[in-house]
Amino acid sequence: MTLMMKSRSQRLPQRTCIGCREVHDKRRLIRIVRTPDGALVIDPKGKMPGRGAYICAAAECWKTCLGSNKLEFGLKTKIMPEERERLLAEGFSLIGGQ
């Protein structure tokens, strides 16, 4: 009987940024979640329940996602202007953007 051992070089999960459409390791992206109660929150640990979308840690990707309907499409929800501004401000504070 042979035992299957885990590979020492396990691949990290890959996700696609909804802004630039580039694929990165999941840990390099920031997740935004639509929680089961409908709230939109930034999920820094990537473990919250709900529908999520990933964005690069680049200011241009945040502006693209929140300036268009890409995030709405990814999260399958309507985003009010106040929520867009709040998410953009929180995102910029995380990435150190302007």
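Structure summary
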{"read-out": "Surface share of carbon and sulfur [accessible, 1.4 angstrom probe, percent] for the chain", "value": "54 percent"}
{"read-out": "Whole-number accessible area per residue in Å² for the chain, which is evaluated in the context of all protein chains at 1.4 Å", "value": "71 Å²"}
{"read-out": "Correct choice for semi-axes √(5λ) of the Cα gyration tensor in Å that was computed from the model, options [x] 27, 15, 11; [y] 92, 11, 5; [z] 29, 16, 12", "value": "[z]"}
{"read-out": "Helix-only CD estimate at 222 nm, as mean residue ellipticity for the chain, using -39500 (n - 2.57) per DSSP H run (n ≥ 4)", "value": "-9000 deg cm²/dmol"}
{"read-out": "In nm, spacing of pseudo-spin labels at residue 16 and residue 35 (7 Å Cα→C-beta vector)", "value": "2.9 nm"}
{"read-out": "Extension gain (nm, one decimal) between residue 93 and residue 42, 0.36 nm per residue minus Cα-Cα", "value": "17.2 nm"}
{"read-out": "Using alpha-carbon coordinates, inclination of helix 81-95 to the longest axis of the chain, degrees", "value": "50 degrees"}
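The values are calculated or read from the model by the stated rules, or taken from the named source; none is laboratory data. Keep in mind that what you see is a predicted model, and the values were worked out from it rather than measured. We place every Cβ from the backbone using ideal geometry, glycine too, and count neighbours over all the protein chains shown. Ligands, DNA and RNA are excluded from the accessible area calculation, which covers all protein heavy atoms including side chains. Shrake-Rupley method; radii C 1.70, N 1.55, O 1.52, S 1.80 Å.
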